[in-house]
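What follows is a short report on a single structure.
The values are calculated or read from the model by the stated rules, or taken from the named source; none is laboratory data. Predicted, not measured: the structure shown is a model, and the values here were computed from it. Note that we place each Cβ from the backbone using ideal geometry, even for glycine, and neighbour counts take in every protein chain shown. In case anyone asks, the SASA skips ligands and DNA or RNA and just uses the protein heavy atoms, side chains included. Shrake-Rupley method; radii C 1.70, N 1.55, O 1.52, S 1.80 Å.
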Amino acid sequence: IKRFADKKGDRFLSQQELVALGKALRDGLTAGLNPQAIAILKLLIFSGARKSEIETLKWNEVDFDGGYLRLADSKTGQKAIPLNAGAMEVLASIPRLDGSPFVFPAHRSNGHYEGTPKVWRVIRSTAGIDNVRLHDLRHSFASIAVSGGASLPIIGALLGHTNSATTQRYA
């Protein structure tokens with residue numbers, strides 16, 4: 001079966017766009033945007049994780065001592081995501097809600113928060129990067145790792161890729 005061609009193309013954020021994004025995230029908090037969504041966006045930038053991995057993250061998967069997210073299940077199965085100082089700081093600042101296993105609990109149900117895309121549209125507009133998808137943050141993470149000297153196998157492991165060709169496309 002021939003795969004459908006992705007016509008959107010891969011997008012990587014430039015240094016200037018990352019700075020604008022950081023400012024938009026700070027401004028979003030002071031403007032009253034949902035702090036859970038802001039924290040999720042920061043974790044996506046700092047970790048290279050998928051949106052679903054962060055939105056559904058449970059406290060028992062956060063290893064503060066080891067500096068990892070230890071996901072019981074992801075798109076590619078069990079996965080350990082190393083956390084940098086920025087990600088650790090974000091996670092440490094999140095209050096726990098009694099009775100919820102989720103790091104980002106829903107406001108109106110027992111599930112997890114799902115409003116990130118709505119807040120993302122506001123943030124990316126504020127940052128002047130309207131053509132950037134949430135998933136492009138994952139591509140940017142890989143691109144930054146390559147420019148920092150990380151090898152493709154290391155990046156593939158960080159992103160949880162099972163196919164090296166996927167990692168090459170990301171980086």
Notebook entry, point to check: Quick one: Ala92 ticks every box in (1) more than 15 Å from Phe46 (Cα to Cα); (2) surrounded by fewer than 11 Cβ atoms within 10 Å (Cβ to Cβ); (3) at pLDDT 95 or above bar one, so which box is it?
Noted result: (1)
Note to self: When the residues of region 106-116 are narrowed to those that are touching a residue at least 40 places away in the same chain (Cβ under 8 Å) and either outside any helix (DSSP H, G or I) or not β-branched (Val, Ile, Thr) (or both), which ends up farthest from Ala24 (Cα to Cα)?
What the structure shows: His112
Checklist line | Single match in Gly99, Gly48 (criterion: of a type outside the set (Asp, Glu), farther than 24 Å from Val132 by Cβ and either touching a helix residue (DSSP H, G or I) at 6+ places or on another chain (Cβ under 7 Å) or open to solvent by 80 Å² or more (accessible area, probe 1.4 Å) (or both)) | finding: Gly99
Next item on the list: Inspect all residues belonging to region 124-132 and state whether any of them is open to solvent by less than 20 Å² (accessible area, probe 1.4 Å), more than 26 Å from Asp10 (Cα to Cα) and either in contact (Cβ under 8 Å) with a residue 12 or more places away in the chain or not in a helix (DSSP H, G or I) (or both).
Entry: no
Notebook entry, point to check: Given the residues Ala37, Ala20, Ala80, Ala85, which is the only one that is exposed (fewer than 13 other Cβ atoms within 10 Å of the Cβ) and of a type in the set (A, V, I, L, M, F, W, C)?
Noted result: Ala85
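Kindly provide the set of residues from region 55-76 that are in contact (Cβ under 8 Å) with a residue 60 or more places away in the chain and not acidic (Asp, Glu), ordered by number. Even if it seems obvious, please write down each step before you answer.
So in region 55-76, the residues in contact (Cβ under 8 Å) with a residue 60 or more places away in the chain come out as 55, 74-76.
Those that are in contact (Cβ under 8 Å) with a residue 60 or more places away in the chain and not acidic (Asp, Glu): Ser74, Lys75, Thr76.
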Check: What is the one condition in (1) closer than 19 Å to Arg124 by Cα; (2) touching a Gly at 6+ places or on another chain (Cβ under 7 Å); (3) polar (S, T, N, Q) that Ser74 does not satisfy?
Finding: (1)
Notebook entry, point to check: Within region 80-104, which residues are outside any loop (DSSP other than H, G, I, E, B) and without any contact (Cβ under 8 Å) to a residue 12 or more places away in the chain?
Noted result: Ala85, Glu89
Next item on the list: Could you list all residues from region 56-70 that are under 14 Å from the mean Cα position of the chain (by Cα), of a type in the set (A, V, I, L, M, F, W, C) and closer than 20 Å to Gly99 by Cα?
Entry: Leu57
Notebook entry, point to check: Do we find a residue being at pLDDT 95 or above and in contact with a Phe, Trp or Tyr (Cβ under 6 Å, 6 or more places away or on another chain) anywhere in region 16-36?
Noted result: yes
